1. Within segment 43-71, how many residues turn out to be touching a residue at least 24 places away in the same chain (Cβ under 8 Å) and in contact with a strand residue (DSSP E or B) (Cβ under 6 Å, 6 or more places away or on another chain)?
2. Under the condition of being surrounded by fewer than 17 Cβ atoms within 10 Å (Cβ to Cβ) and touching a helix residue (DSSP H, G or I) at 6+ places or on another chain (Cβ under 9 Å), which residue from segment 29-42 is farthest from residue 492 (Cα to Cα)?
3. Considering (1) surrounded by fewer than 15 Cβ atoms within 10 Å (Cβ to Cβ); (2) within 35 Å of the chain's Cα centre (by Cα), say which one residue 219 fails and leave the rest.
4. Kindly evaluate residue 284 against the criterion of being in contact (Cβ under 8 Å) with a residue 60 or more places away in the chain and surrounded by 16 or more Cβ atoms within 10 Å (Cβ to Cβ).
5. Which numbered condition trips up residue 469, out of (1) surrounded by 23 or more Cβ atoms within 10 Å (Cβ to Cβ); (2) free of Cβ contacts under 8 Å to residues at least 40 places away in the same chain?
6. Tell me the residue from 393, 403, 418, 423 that is touching a helix residue (DSSP H, G or I) at 6+ places or on another chain (Cβ under 8 Å) and at pLDDT below 90, please.
7. Looking at residue 398 and the list (1) farther than 26 Å from residue 248 by Cα; (2) at pLDDT 95 or above; (3) in a helix (DSSP H, G or I), which single condition is not satisfied?
8. If you take the residues in segment 228-254 that are farther than 29 Å from residue 411 by Cβ and surrounded by 20 or more Cβ atoms within 10 Å (Cβ to Cβ), which one is farthest from the chain's Cα centre (by Cα)?
C-alpha cells in the first residue's frame with residue numbers, strides 16, 4: 001500500500017482536485033509532532049472562497065480514522081495527516097522482505113531508453129580523479145534509472161580523436177622509446193605529451209606539425225592510424241583494469257573516433273539549413289540569439305573539432321536507441337560546450353534536443369590542488385583506489401587481524417569509502433578529499449553504513465533461525481516507527497535521485513537509515529528482548545539490511561558480510 005497515494009486520494013475526493021496535482025502538493029512536515037504528511041490548502045482558497053486555515057479545519061473534520069489515517073489536524077493553512085502507525089509498520093516491513101533487493105523498483109521507465117554517458121577518459125592520458133568522479137556519479141545514475149524500470153545504455157565516449165593525437169604522434173616520432181612505452185604506456189605517453197607542450201612553447205612550428213599529423217589521421221594515413229590504434233589499445237588495457245576493480249562495465253566504448261565518418265552529414269544538414277557561417281576561414285553556427293558564443297564546426301584548415309563529433313554522436317544515438325533521455329555526465333567546465341551543442345541541435349530542427357541533459361560535476365580537490373594533464377600535474381585514479389585499499393587493510397590489521405578474506409573485505413570497504421566520499425554531497429559542491437573523513441567508521445561515510453549492515457547481519461546470524469512471520473504490533477517505540485518511515489521513504493528517495501540526477505539523495509537516505517538503526521541497537525534490546533518483541537525486531541533488522549544493501553548496490557558500492 002502506498003500511504004502517500006492513499007492520503008492523496010482522500011484529499012482528491014474531498015476537494016475535487018486532480019490526484020496528480022494533490023500528490024505534487026503533499027509535503028513532509030518539518031517536525032514529526034506535526035504529522036507524517038501535510039497538504040497546503042492555499043490553492044483551494046480562490047475556488048472555495050475561504051481562508052486556507054478555515055479550509056484545513058473543515059477538511060480535517062471530514063477525515064475519518066481507518067487503516068491508513070490515524071487522525072487529521074489543521075495547522076494554519078495546512079492539513080496534517082498522522083498515519084496509522086501499526087498498519088504502516090506492517091505494510092512496509094512486509095513489502096521490503098517480500099521484494100528483497102527489488103524493493104524500491106518500479107515500472108515507471110518501462111519501454112523508455114536512457115543513454116548515460118560517463119567516465120569517457122582521454123586515450124594516452126592518465127585516468128585521473130576527475131574522470132573517477134564522473135565515472136562514479138554516472139555509474140550510480142545508470143543503476144538508479146535501471147532500478148526504476150528504464151532500459152539503460154552505458155556509454156563510455158572515449159576521447160580518442162582530435163588534434164591532441166597529432167601532438168602525440170609528433171611527440172612519439174621525436175622522443176618515443178618503444179621498449180619504455182610498452183613497459184609503462186600511460187606514464188610514458190604522458191611524459192612525451194607534456195614534453196611536446198614544453199618544446200612547442202619554444203618552437204611554435206611544432207603546433208603546425210601536430211595539426212598536419214591529425215589531418216593525416218583523418219585522411220586514414222596508414223602510419224598515423226597504426227600509431228593511433230597502438231595508443232588506444234594500450235590505454236584501454238589499463239582503463240579496463242581499473243573498471244574491473246571498481247566493478248563497472250559499459251555497453252559501448254564507441255569514442256569520438258567512431259563518429260569520424262558521420263560528421264559529413266552534420267555539416268550537410270547545417271549547410272541545408274543555412275546555419276553555417278564563415279569566421280576567419282572557419283565554419284561556425286551563430287548562437288547569439290541564445291546569448292552564448294558561436295559553435296565552431298570546422299577549423300580554418302577544414303579539420304573537425306569535438307563539437308562536430310558531439311553533434312554526430314547525438315544524432316547517431318537518437319537513431320540507434322530512440323532515447324527518452326540522453327544524459328552526459330561530464331565536468332562542469334564543459335557546460336558552455338553542451339549549451340552550444342544542444343542549441344545547435346535545436347536550430348537543426350531536432351526537437352529531441354530537449355531530451356539531451358548535461359549532468360555537470362564539480363572539482364575534486366586534494367590539498368587545494370587542481371588537476372591539469374597538460375602540465376603533467378595529475379593525480380592518478382588507480383593510485384587513489386590502491387591507496388584506499390591499502391589504508392583500509394592497515395585498519396583491519398589493527399582492529400580485526402584474524403578476519404577471513406581480509407584482502408577482499410579491504411577492497412570492498414576501501415573502494416566503497418572512496419565512492420561514498422564522491423557521492424555523499426550534491427554534484428555542485430567540490431569534493432574536498434581527506435583520507436581521515438573518507439575512511440572514518442563514524443558519521444556520514446561508506447564504512448559507517450557498511451558496518452551498520454554488517455552489524456545487522458551479525459545479529460541475524462547470532463539469532464539463528466528467524467521465524468517466517470512476526471507480529472509487528474510489538475514494534476511500539478517511536479524510534480522503531482521513525483526507522484520504518486525511513487525504510488518506506490527509500491522509494492521516494494530513488495525517484496528524487498533520478499529526477500535530480502543526484503545520487504547523494506540515496507547515500508544520504510541510507511545513512512539516515514543506518515543512524516536510526518544504530519539508535520535502536522544502542523537503546524532497545526534485540527536478542528535479549530521478550531520473544532515476540534525479539535522476533536519483530538529481527539524482522540526489522542532484516543528489512544534494514546535489505547534496504548542498506550540495495551541502496552549501496554545502486555550507487556556502485558559492494559557490501560561485505562563481515563568486517
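1. 3
2. 42
3. For residue 219, the failing item is (2).
4. Working: in contact (Cβ under 8 Å) with a residue 60 or more places away in the chain: no; surrounded by 16 or more Cβ atoms within 10 Å (Cβ to Cβ): yes.
The answer is no for residue 284.
5. Failing condition for residue 469: (1).
6. From the options 393, 403, 418, 423, the qualifying one is 403.
7. Against the list (1) farther than 26 Å from residue 248 by Cα; (2) at pLDDT 95 or above; (3) in a helix (DSSP H, G or I), residue 398 comes up short only on (2).
8. 228
The values are calculated or read from the model by the stated rules, or taken from the named source; none is laboratory data. What you are looking at is a predicted structure, and each value in this text was computed from that prediction instead of being measured. Methodologically, a virtual Cβ is constructed for each residue, glycine included, from the backbone with ideal geometry; neighbour enumeration extends over all protein chains shown.
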